[in-house]
Amino acid sequence: MWLVQTKFDISGQRVNEVSTERLRRGRQHFLQSVIVSVAVSKLAETDLVFVQSDAKINSVYYCENVLEQGLLPAICCISNNSFVVHQDRAPAHRSHHTVA
């Protein structure tokens with residue numbers, strides 16, 4: 001099971017692929033970006049887990065809000081409790097608190 005976390009603009013495109021001018025055009029107020037996490041496997045993918053815009057993503061936030069409340073219940077259902085999680089090397093993903 002691969003966990004993917006990235007920033008998207010409100011239209012669904014990756015932030016680095018979107019022109020800032022295009023986002024500003026015709027909007028008085030807009031959300032710059034959102035951070036989402038999703039688990040993907042050959043069996044299925046989970047629903048998107050949205051990270052709060054003002055959240056500091058450390059290992060505690062990641063474990064409690066992203067994994068425990070979002071991804072792990074869905075991963076367990078999809079995989080019948082038989083899975084291995086692969087994550088990138090982001091600090092919140094590799095901290096002692098997360099991998100313990």
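The values are calculated or read from the model by the stated rules, or taken from the named source; none is laboratory data. Keep in mind the model is a prediction, meaning the values are calculated, not measured. Here the Cβ positions follow ideal geometry from the backbone for every residue, glycine too, while neighbour counts run over all protein chains shown.
The set of residues in region 74-87 that are farther than 17 Å from VAL36 by Cβ and assigned to a helix (DSSP H, G or I) comprises CYS76, CYS77, ILE78, SER79. Within region 75-99, residues that are closer than 17 Å to ASN65 by Cα sit with their Cβ atoms under 7 Å from residues that are modelled with pLDDT of 80 or more and assigned to a loop (DSSP other than H, G, I, E, B), at 6+ positions apart or across chains, in these pairs: ILE75/THR46; ILE75/PHE83; ALA92/ILE57; ALA92/ASN58; HIS93/GLN87.
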